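Student: One structure, pasted below without further comment.
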Amino acid sequence: MIYISPAKINRGFNVLKKRSDGFHDIETNFQFLEWGDEIIFNFDTKISKVYCPEVEEKNNLAYKAIQLIKETCKINKEVSIKIKKNIPIGSGLGGGSSNAATVLLVLNKYWKLNLSNKVLKKLGSSLGSDIPIFIEGVARKARGKGEIFSKTSLKEDIIFLVMPRCKISTAKAFQQIKADDFKNSKSSKDFNFFEKWARKNYKEIDDSFMWLESIKKGNLTGTGSALYAIFNSFEEARKIMDNAPKNNDYFVTRSLNESPLLKVLNENGV
């Protein structure tokens, strides 16, 4: 069985302060994309494995999610999965977090574990700060480490993705924050705390901004490296893509207020 593991974008991303536990308080709006990775689940197996050439198994959040849910529920069932990566690693589009959340949600359904979303989000947050939003499955404003959700009203738009061929480690981005950086933080809907830093440290990102902003306003998602712009139609965005610089990857999709994965699980079960 195949399930989509959707990408996300951040509509604005502000870092408010460093916490006593070493993490940072953030403020952002999460929205899903009608595009992402694909995960093939095979339950006819004697050992749990994750096949994903781009990420070593022991470091793969999806593999960690399998082991975590087995240990938590004390079960001996096995599953092997293959991940077709469409979401670039280190792009700020949430690929690894989405993969882990997809595993938790599908295994909870298929193995009939009956874990609540609250429990699944707690499990997910132990692996990564972005995992709970994919389990939540609905566009949300997020605070805290990104796990405290409140309702938000976001327009579903045509999204043009620009994906420079460079990776940004989220951990590295947060480690680079200096005390003075908080003076420049803003609570506006399009402000991204990391844009200035990303443009300064990654020429590919700065070049992409320069090109994109000659056409439309560009926005960094999360800690980067992907940019997005909002267009009025697929046709308009695809015309831009046809003439875009060849040193990036591009995709045209739609932003969604409901996760396409959760929609399938709710409608069809497994």
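The values are calculated or read from the model by the stated rules, or taken from the named source; none is laboratory data. Fair warning: this is a prediction, and the values are worked out from it, not measured in the lab. FYI the Cβ positions are ideal-geometry reconstructions off the backbone, even for glycines, and counts take in every protein chain you see.
Student: Quick one: in the range 212-235, which of the residues that are charged (D, E, K, R) and free of Cβ contacts under 8 Å to residues at least 24 places away in the same chain is farthest from Ala173 (Cα to Cα)?
Tutor: Per the stated criteria, the residue is Glu235.
Student: Are any of the residues in the range 157-173 in contact (Cβ under 8 Å) with a residue 24 or more places away in the chain, at positive phi and under 18 Å from the mean Cα position of the chain (by Cα)?
Tutor: no
Student: Only one of (1) out of contact with any helix residue (DSSP H, G or I) (no Cβ under 7 Å at 6 or more places or on another chain); (2) at positive phi; (3) surrounded by fewer than 23 Cβ atoms within 10 Å (Cβ to Cβ) is not met by Lys118, so which one is it?
Tutor: All conditions pass for Lys118, except number (2).
Student: A further question follows. Name the one entry in Ser98, Ser5, Ser91, Ser20 that is closer than 23 Å to Thr223 by Cβ and at pLDDT below 95.
Tutor: Answer to the check: Ser20.
Student: If we keep just the residues of the range 209-233 that are assigned to a helix (DSSP H, G or I) and surrounded by 14 or more Cβ atoms within 10 Å (Cβ to Cβ), which is farthest from the chain's Cα centre (by Cα)?
Tutor: Checking each candidate, the answer is Trp211.
Student: Inside the range 151-181, can you point out the residues that are among the charged types (D, E, K, R) and in a loop (DSSP other than H, G, I, E, B)?
Tutor: Within the range 151-181, Lys151, Lys155, Glu156, Asp157, Arg165, Lys167, Lys178 meet the criteria.
Student: Checking the conditions here, which among Thr45, Thr72 is at pLDDT 95 or above, among the hydroxyl-bearing types (Ser, Thr, Tyr) and not in a loop (DSSP other than H, G, I, E, B)?
Tutor: Thr72
Student: Taking the stated definitions as given, is Leu127 of a type in the set (A, V, I, L, M), crowded, with 17+ Cβ neighbours inside 10 Å and over 15 Å from the mean Cα position of the chain (by Cα)?
Tutor: For Leu127, the condition - of a type in the set (A, V, I, L, M), crowded, with 17+ Cβ neighbours inside 10 Å and over 15 Å from the mean Cα position of the chain (by Cα) - is not met.
Student: Out of all the residues in the range 48-69, which are within 14 Å of Gly124 (Cα to Cα), of a type in the set (A, V, I, L, M, F, W, C) and in a loop (DSSP other than H, G, I, E, B)?
Tutor: None; the set is empty.
Student: Does Gly96 meet the test of being in contact (Cβ under 8 Å) with a residue 12 or more places away in the chain and in a loop (DSSP other than H, G, I, E, B)?
Tutor: Taking the combined requirement at face value, the residue does not satisfy it.
Student: Has the range 244-263 got any residue that is modelled with pLDDT of 95 or more and touching a Cys at 6+ places or on another chain (Cβ under 7 Å)?
Tutor: Checked the range 244-263: no residue is modelled with pLDDT of 95 or more and touching a Cys at 6+ places or on another chain (Cβ under 7 Å).
Student: Considering each of Asn114, Asn86 in turn, give the residue that is part of a loop (DSSP other than H, G, I, E, B), out of contact with any strand residue (DSSP E or B) (no Cβ under 9 Å at 6 or more places or on another chain) and not basic (Lys, Arg).
Tutor: Within the list Asn114, Asn86, the selection yields Asn114.
Student: Can I ask one more? Under 9 Å by Cβ, and 6 or more places apart or on different chains, what pairs join a residue from the range 136-153 that is closer than 20 Å to Asn99 by Cβ with one that is part of a loop (DSSP other than H, G, I, E, B) and of a type in the set (A, V, I, L, M)?
Tutor: Ala139/Leu154
Student: On to the next question. Just to be sure before I move on: is Leu261 under 16 Å from Lys216 (Cβ atoms), surrounded by 17 or more Cβ atoms within 10 Å (Cβ to Cβ), in contact with a Gly (Cβ under 9 Å, 6 or more places away or on another chain) and touching a residue at least 24 places away in the same chain (Cβ under 8 Å) in the structure I sent?
Tutor: no
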